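Structure first, commentary second.
Computed from the coordinates by the stated procedures, all read-outs in this text should not be read as laboratory data. Because the structure is predicted, anything quoted here is derived from the model rather than measured. Here the Cβ positions follow ideal geometry from the backbone for every residue, glycine too, while neighbour counts run over all protein chains shown.
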Amino acid sequence: MDILFEFIVELAFDAAGTGAASAAGSRRVPKPVRYILLALILLVYTAFFAVIFLVAYILMRKGEYPAGAVFLALGAFLLFLSIRKFRALKEKVKNPPDEGENKGEEL
């Protein structure tokens, strides 16, 4: 039962994230809505990284330096990758492709 619930929650969050990223880069969606979606995506990513860095801080404070260093490195790596993705999404929001260009392309 827990596996089914976890699968449904993961599917819902994946669909919401993909839909928000697609809508943020679509010319059909008005600019204010695109910017709001972009801000919501940024807020979710910020909360995720805050939790990772908080766990790293707590682990290092308790004296578990190897585990804290792993979480710190993981958080830094994921932050670097998200900044790259966010910049690409921001560029896509500023200059969305025409309807015929880049069909099927995802970020």
Requested in this report: May I ask you to list pairs of residues, at least six apart or on different chains, whose Cβ atoms are under 9 Å apart, with the first in the range 81-92 being in contact (Cβ under 8 Å) with a residue 60 or more places away in the chain and the second being in a helix (DSSP H, G or I)?
Outcome: LEU89/ALA21; LEU89/ALA24; LEU89/LEU38; LEU89/ILE41; LYS92/ALA21; LYS92/ALA24
Query raised in the report: Taking interchain pairs and intrachain pairs at least six residues apart, which have beta carbon atoms under 6 angstrom, with the first residue in the range 56-80 and of a type in the set (Asp, Glu) and the second surrounded by 11 or more Cβ atoms within 10 Å (Cβ to Cβ)?
Result: none
Query raised in the report: Do you know which of the residues in the range 42-74 that are in contact with a helix residue (DSSP H, G or I) (Cβ under 7 Å, 6 or more places away or on another chain) and of a type in the set (Phe, Trp, Tyr) is nearest to ARG87 (Cα to Cα)?
Result: TYR45
Report task. Taking the residues in the range 1-47 that are in contact (Cβ under 8 Å) with a residue 40 or more places away in the chain and assigned to a loop (DSSP other than H, G, I, E, B) as candidates, determine which candidate is surrounded by the most Cβ atoms within 10 Å (Cβ to Cβ). Result -> GLY25
Report task. For residues that are of a type in the set (D, E, K, R), within 12 Å of ILE41 (Cα to Cα) and in contact with a helix residue (DSSP H, G or I) (Cβ under 8 Å, 6 or more places away or on another chain), tally how many sit in the range 75-96. Result -> 1
